[in-house]
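Below is one structure, written out as structure tokens; comments come after it.
Please treat every number below as a calculation from the coordinates, not as lab data. Please read these numbers as outputs of a predicted model, since none were measured by experiment. All Cβ positions, even for glycine, are placed from backbone atoms using ideal geometry, and neighbour counts span all protein chains on display.
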């Protein structure tokens, strides 16, 4: 116990002692009469009255000395110092009461001495109710009492050592009881203080709740803003790594190089997955994701995940099957697909052998989606924790790759956002089954989809001139290599100034411009794209961005937005689409640059 705690407990014990002393005086008076009455037939009235007067005088002196004790405590004086004085007073009282043995033993026979000893031993037992409130006083009182009584008995009967030993045992027992009472008083007082402090702080906490809530919201917003600002720079190297690994895979014929390129692609994909998970958690916590609910057919989603996850499963030696009914689902298609992908990623990650199955069926007026695996399974006591942030089953044991424990946390938030019910059925060693349920519109029959789609052909960009504007050298080089590999003629630059020097008044018009949104120098990419559109009305433009929360409300509705990091495969698909769909000229004065100034 620290000094402050000892001082406080001492103060509380003294307060209780002062409260008990008036009650103890009555008991002491009766005890004194019992002592005198026991010895009176043999010691006579004079000796009995003398001892009684001595004890009475000591009790009166105690009352006088402790008369100002409450005021001393009220002045916040040292309770420890006062406690030592009170203990000394009770030490004198112990000597006075036990001195009856010295006063009366000479006049008593053996039987009367033994009876008086028993009465005197009972006295401190009754005193526990009073002095037990203040252990320091009782300890001094008991020690002085025992020494006085034992010395008298030993003086008169030195051969009766066992009786003295018995006195010592009784004294030790009484001391232990008093110590326990003192500890209990201290603990009760501590609990009372804690209760009082909690009650006092409850009001303060209530008043500060709104402030703390606002601070938490501001901190969450600051975190989201930081991630938004940092996302562009953090995604740049991932973007370059993804594109360059794709170029390396498509151009090399060496098996070892192809294998390394494939490993690089998987590593960049995992990095992108982890980074996107952190950003998704941030956006969902900030309630910045608003679902756009509509009915959509699931066959397109099934086609996308079929080939992608069958390939991922095959790399790990797993079977992957989809059983799906062709139906339309009422939900946000983008968020629903992210939810399904997170469940599949989780299933493949925790499955060493066997299979992963995705099934989608209609059940009455609702649909049921199930992702089942033959993985390590989840114990019942862990199933309520798997949807918590950063929780991983078995501390990541059994996972086929490193993760952060955010996949199912995102699933839970997306289910809450979309109003979908989710349940899990799992057991260790028997795999897991995650089920989702929501509204379905119609069913056109069931199909079995398990055959992967053929790999798409790379885009044919021969004869196409492409302008790339990106301030990051790695990304710019990766884009240029990919486009050149597909047959395009590429001009790459880092800012509007370089664009204007390359694209002169008499230059050949580029067919496509790929512009990064956030450039290190000059205006934002939107301004660059707008000026290029004014200079070349038939130019097809693509906006690349690594911004997390960017909303691009472009007058040119046909300008695709490419979110970094984009895979080599997805970039190829976009280039096929852009070169296949004709572009309409943009109105020359439709873009207001002032609305897109650099923050």
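When you count, for each residue, the other Cβ atoms within 10 Å and take the mean per peptide, how do 371-384, 16-29, 462-475 rank with the highest first?
Values: 371-384: 17.1, 16-29: 15.4, 462-475: 19.9.
Highest to lowest by the protection proxy: 462-475, 371-384, 16-29.
Label the stretch 3-159 by shape, choosing from rounded, prolate and oblate, from the square roots a ≥ b ≥ c of the eigenvalues of the Cα gyration tensor; if a/c is under 1.5 it is rounded, and otherwise prolate applies when a/b is larger than b/c, oblate when it is not. Can you show the working numbers first?
Values: a/c = 2.78, a/b = 2.07, b/c = 1.34.
Note, shape of the stretch 3-159 comes out prolate.
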* Of the peptides 419-431, 142-154, how do they stack up when ordered by the mean number of other Cβ atoms within 10 Å, highest first? -> 142-154, 419-431
* Applying 1/(1 + (r/R0)^6) with R0 = 25 Å to the Cβ-Cβ distance of residue 102 and residue 26, what FRET efficiency is obtained, to the nearest 0.05? -> 0.45
* To do: Multiply the residue gap between residue 352 and residue 424 by 0.36 nm, knock off their C-alpha separation, and tell me the result in nm, one decimal place.
  => 24.0 nm
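Between residue 33 and residue 119, what length comes free when the chain is fully extended (0.36 nm per residue of separation minus the Cα-Cα distance, one decimal in nm)? Don't skip to the answer; put the middle values down first.
On the way: separation 86, 0.36 × 86 = 30.96 nm, distance 1.11 nm.
Length gained, residue 33 through residue 119: 29.8 nm.
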* To do: Over the stretch 20-162, calculate the relative contact order: mean separation of alpha carbon pairs under 8 Å at least 6 apart, over the residue count, as a percent.
  => 35
* Asked: So for the pair residue 383, residue 54, with labels modelled 7 Å out along Cα→Cβ, what separation do we get in nm?
  -> 8.1
* **Simple label model, 7 Å out from Cα along Cβ direction - residue 45 to residue 534, nm** => 12.9
* Asked: Packing-wise, with mean Cβ within 10 Å as the measure, how do 512-519, 354-361, 194-201 rank, highest first?
  -> 512-519, 354-361, 194-201
* Structure fact -> Subtracting the Cα-Cα distance of residue 75 and residue 206 from 0.36 nm times their residue separation yields 43.9 nm
* How high is the FRET efficiency from residue 292 to residue 489, r the C-beta distance, R0 35 Å, rounded to 0.05? -> 0.35
* **Two-site label geometry, residue 168 and residue 473: point separation in nm, points 7 Å out along Cα→Cβ** => 9.0
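Please find the FRET efficiency linking residue 18 to residue 179, where r is the Cβ-Cβ separation and R0 is fixed at 30 Å, and quote it to the nearest 0.05. The partial results should precede the final answer.
On the way: r = 20 Å, r/R0 = 0.68.
Here the calculated transfer efficiency is 0.90.
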